[in-house]
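The values are calculated or read from the model by the stated rules, or taken from the named source; none is laboratory data. Everything quoted here is computed from the prediction, not taken from an experiment. Counting neighbours? That spans all protein chains shown, and the Cβs are built from the backbone with ideal geometry, glycine included. Surface areas here come from the heavy atoms of the whole protein model, side chains and all, with no ligands, DNA or RNA. Shrake-Rupley method; radii C 1.70, N 1.55, O 1.52, S 1.80 Å.
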Amino acid sequence: MINKTQLKNAIRRKEFIVVYQPIVALADGHCVGAEVLVRWQRENGALLPPDRFLPAARRHSCLDAITDLVLDQAIAQTGAMLRDHPGLHLAINIPAHDINSGRILDIIGRKLSGTGIASAQLWLEVTEGSSMESPACMATLSRARGNGHLVALDDFGTGYSCLRYLHELPCDVLKLDRSFVSRIGVDATPHPVTTCIIELARQLKLRIVAEGVETPVQASYLKQAGVDYAQGWFFARPMLAPDFLRHCACPGAVAVEMAAASTVQLARPVAAVPALEDGEGPAVGTSVGAAEITFPLSSVKH
């Protein structure tokens, strides 16, 4: 059982570190950014995933401090790259209570001030749930978009999934949960819910990011289905900042993999749904010299 003292000590020692899961454009396989993930590197060298410590952090009111550490590290480690390449972005997971309170927007504003990083380069990921319909949540998300951030709805299809609130929610990106992606290439045909979610997002003019892509069959299907972006082990595993910077600087390998994946024959194309009516719309990650790396312009396409 993780106690409050352990968490406080870990925050003070900066034992919470960030890793980066690259996000690629399925059209050409080039890296367009990354999801920022947190890990806890214990004194004994063990690396704990977030589901092992975030519930305790929430219980002991330590979540704000961890979120702030994640923001600090991400900005310090990738700031030069983001400044030099405005087409790249980072996606940061925002806790539900931060969305309801609005605290996080003031924190982000202060941390970005003077960095030269555009607000649009910081995507805010929120997990769907019944609280998403609260006036406070709606106000925070609207304010975030007004500040220039893109709002991404994470793990879509696994939680509350109210189609009415999806239409009303101020968001720009829908993240297709890995539980849907994992069945592509396993089942005889993709689950009809998967195709419906993809088409729904397209009808609502939302960008789509598929999570947990692990095979060329999945990548090829999603590309042909019109999904914009993807992340997963087929492209790259979560990595520390120096590796992420090198990954962005050398996009050729993923582009070759995507070219090969495009030849995979799919069992069935995406089925259309009726159109909507108009108006339904791990060593500690230290800062690195990102400015020393030259990025091909093709690596920052959207």
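Taking the range 53-106 and the helices (runs of 4 or more DSSP H) fully enclosed by it, the elements with 3 or more residues that are under 29 Å from Y229 (Cα atoms), touching a Gly at 6+ places or on another chain (Cβ under 7 Å) and not β-branched (V, I, T) are at 63-84.
Of the residues examined, G116 is one that is at pLDDT 95 or above and farther than 19 Å from Q21 by Cα.
Results for (1) of a type in the set (S, T, N, Q); (2) buried (at least 22 other Cβ atoms within 10 Å of the Cβ); (3) out of contact with any Phe, Trp or Tyr (no Cβ under 9 Å at 6 or more places or on another chain), shown as yes or no for each residue.
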{"site": "R59", "(1), (2), (3)": "no, no, yes"}
{"site": "D64", "(1), (2), (3)": "no, no, yes"}
{"site": "V70", "(1), (2), (3)": "no, no, no"}
{"site": "A80", "(1), (2), (3)": "no, no, yes"}
{"site": "D84", "(1), (2), (3)": "no, no, no"}
{"site": "D106", "(1), (2), (3)": "no, no, yes"}
{"site": "E125", "(1), (2), (3)": "no, no, yes"}
{"site": "M132", "(1), (2), (3)": "no, yes, no"}
{"site": "G146", "(1), (2), (3)": "no, no, yes"}
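Output the residue which, of all residues in the range 1-28 that are in a helix (DSSP H, G or I) and surrounded by fewer than 20 Cβ atoms within 10 Å (Cβ to Cβ), is nearest to the chain's Cα centre (by Cα). It comes out as I11.
If the condition is being hydrophobic (A, V, I, L, M, F, W, C) and either in contact with a Cys (Cβ under 6 Å, 6 or more places away or on another chain) or open to solvent by 20 Å² or more (accessible area, probe 1.4 Å) (or both), then the range 167-199 contributes F180, V186, A188, V193, C196. Taking first residues from the range 167-194 that are at positive phi and in a loop (DSSP other than H, G, I, E, B) and partners that are of a type in the set (V, I, T) and surrounded by 14 or more Cβ atoms within 10 Å (Cβ to Cβ), the Cβ contacts under 8 Å between residues at least 6 apart in sequence or on separate chains come to G185/T215; G185/V217.
Scanning the range 29-46 for residues that are open to solvent by 10 Å² or more (accessible area, probe 1.4 Å), farther than 15 Å from A249 by Cα and not polar (S, T, N, Q) gives E35, L37, V38, R39, R42, E43, G45, A46. For the range 108-118, the set of residues classified as assigned to a helix (DSSP H, G or I), buried (at least 16 other Cβ atoms within 10 Å of the Cβ) and not basic (K, R) consists of I108, L112, listed by residue number.
Restricting attention to the range 196-231, report how many residues are hydrophobic (A, V, I, L, M, F, W, C), assigned to a helix (DSSP H, G or I) and within 17 Å of P22 (Cβ to Cβ). So the answer is 2.
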